[in-house]
Each structure stands twice: as C-alpha cells, then as structure tokens.
1. I need a count of the residues in the range B:22-37 that are more than 7 Å from chain A (Cβ to nearest Cβ) and small (G, A, S).
2. Please pick out the residue among B:G38, B:G62 that is open to solvent by less than 30 Å² (accessible area, probe 1.4 Å) and more than 27 Å from A:S25 (Cα to Cα).
3. Of all the residues that make up the range B:5-34, how many are buried (at least 21 other Cβ atoms within 10 Å of the Cβ) and within 23 Å of B:R93 (Cα to Cα)?
4. Would you confirm whether any residue within the range A:164-180 is more than 10 Å from chain B (Cβ to nearest Cβ), open to solvent by 90 Å² or more (accessible area, probe 1.4 Å) and modelled with pLDDT of 80 or more?
5. Could you grab the pairs with beta carbons closer than 6 Å, sequence gap of 6+ or different chains, first residue in the range B:14-31 and closer than 13 Å to A:I23 by Cβ, second one of a type in the set (S, T, Y)?
6. Output the residues belonging to the range A:125-155 that are open to solvent by less than 60 Å² (accessible area, probe 1.4 Å), in contact (Cβ under 8 Å) with a residue 12 or more places away in the chain and in a loop (DSSP other than H, G, I, E, B).
7. If I ask for residues that are more than 20 Å from A:S153 (Cα to Cα) and among the small types (G, A, S), which ones from the range B:51-88 would you list?
8. Given the criterion in contact with a Leu (Cβ under 9 Å, 6 or more places away or on another chain), modelled with pLDDT of 85 or more and either within 19 Å of B:I80 (Cα to Cα) or of a type outside the set (F, W, Y) (or both), identify the matching residue among A:I61, A:I66.
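The values are calculated or read from the model by the stated rules, or taken from the named source; none is laboratory data. Please read these numbers as outputs of a predicted model, since none were measured by experiment. Every residue, glycine as well, gets a Cβ built from its backbone with ideal geometry; the counts of neighbours run over all protein chains shown. Surface accessibility is based on the protein's heavy atoms, side chains included, excluding ligands, DNA and RNA. Shrake-Rupley method; radii C 1.70, N 1.55, O 1.52, S 1.80 Å.
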Amino acid sequence: MNQLLEGLTLSDLTFYLVAALTIVSAAGVVFSKSIVYSAFALLGTFGGVAGLYLFLAADTIAIVQIMIYVGGILVLLLFAVMMTHKIESVDVTSRSMDLHKALPPAVVLIALIGVIAKKTEWKLLKAPDDNPITAKLGDAFLGDYLLPFEVASLVLVVALVGAVVMARREVKGDFSRKAEKESE
Amino acid sequence: MEFLKVGLWQYVVVSGVLFSLGLVCVATRKNAIAVLMGVELILNSANINFIAFSHYVSGAVGGQVFTVFVIILAAAEAAIALAIVLAIFNRFRTIEGDVATTLKE
C-alpha cells in the first residue's frame, strides 16, 4: 500500500476521490430505480465535475457549473419530476429496458477510450498554467468571441420564451369570456 | 508510481466513463426525464474534455469559452425539453417514451 502511494501528492489523491465521486454518482443516475434518487445522484455528478474543473485551473467554469447545473437545471429537473408524478404514489419509478444489451458496448467503449487516452502521445505543454484564468476569459468574451456571446444570449431568450409558450396551459378562452362579461 | 500521477489521460478516462454511462442512460431509460439526465451526463463529459485539453495541450482560453457556450445551450435545451415533457404529460398523462407514439402512426 505504501509503495503504491509513494510519489503521489495529496492533490493526486484528492483528484482520485473527486473522480470516484463523479463516476459513482453518475452510475447512480443510470442504474437507480427511482427517478428522484437519480436526480439527487446527478447532484453528486455535477459537484464532482465542478471539482475536476478546479483541478484544471478553471475556477470560473467551476462556479458557473455549480450555479447553472445545480442551481438551475437540476432544480428544473426536480420540478418536472414532481409535476409529472404523484409524489405519494409508488409510480415515481423509472424502468430501464434491455440494460443487459446496452452494458457490454458501454464497457467496450470505456476500455477503448482508456487505451486510446493512455497510448496516444499527446503534445503536452511542458508546464500547464495553474493560475486563475478569469480575466483572460472575460477578455475573450468581450473580444474574439463577442458575436457568439451575443448570439448565445439571443438563443437563451428565444428558448426560454418558447419553453413558457409550450408549458403554459391554454387559458385564452377563459380570458376572452371574462372580457365579454366585463364589457356587458 | 508514475502510472497514477494525474495527467491528461485520467481526465479523458473520467470523461469517457461519464459519456458511456450517459449513452446507456439515453438508450435504456423509458422515462423522458431520465433520458434528459443522460444527455446532461454526455454534455458534462464533453465539457471535461474541452477544459482538460485546453489546460494540458493548448494552454489557451478557447476550451473554457466553448465550455461556457455548451453550458448555455444545455440550459436552453433543458428548459425546452422539460416544457415538451410537461406538454406530453398533459396530453398522455405519462412521460414514458414508449407510450407517446402518436407521431409514429
């Protein structure tokens, strides 16, 4: 055991801990019987991925990940779960079909990616920059990437308005009847 | 232990595992919301790759910029997809993917 851990720094060990958290909770998302458990396991995955971003000196992205994924998307998913199931009922399950057929290709894919990632001679930098990169990121958004940035905000507005239009109940009839009553 | 020293390839492996799990989730789940969770896993694995390669290989800011765009699009996608899920639930009283088959006919 001691020999195995020799030469590993504390940050390496922490990396393996965070990676294990990410993968275990991702497995929880996929294999859990209850959709609510899946949603809460997704919390662990998002948190773990944010931790990995911190290891890669992407502090801004880590915070954005927590704010948007955990604070936004996950809450939205939970709302959707609660609105489409009766909470008291046992029906909050989420069945899988043909899991035994899907798993072998997935294992092969993982092994393939692992072998490729290990064997390939990546052109690595001599010394990766571990300094915070937030200022450079801001410059990039208001410089080289200004147009995509603005287009992304437009996409967000259109998507959110579209979501509201699709999700609302049709109440037009009631409103016009009300208006008729008031005009009488 | 040179093998266990954290470098680029560990991140690629983690992202590959997340991608495969997401793929399994998308392929096998019947519940539409669970399928969405699988899509989120896949997008997260892509983001890990973007940031890992920008940190270890290019050293530039581009990978992080793209990650932000992916997160923005993921938020938009989640909002739209959940609106569709709610609409399907109002129509069919279920969100199992194999029940709502009107378009198939």
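1. The qualifying residues number 2.
2. On the way: B:G38 fails: more than 27 Å from A:S25 (Cα to Cα).
None of the other options fit; the residue is B:G62.
3. Selection size over the range B:5-34: 7.
4. no
5. These pairs meet every condition: B:S15/B:S45; B:L18/B:S45; B:F19/B:S45.
6. A:P128, A:I133
7. B:A52, B:S54, B:S58, B:G59, B:A60, B:A87
8. On the way: A:I66 fails: in contact with a Leu (Cβ under 9 Å, 6 or more places away or on another chain).
Testing whether each residue is in contact with a Leu (Cβ under 9 Å, 6 or more places away or on another chain), modelled with pLDDT of 85 or more and either within 19 Å of B:I80 (Cα to Cα) or of a type outside the set (F, W, Y) (or both) leaves just A:I61.
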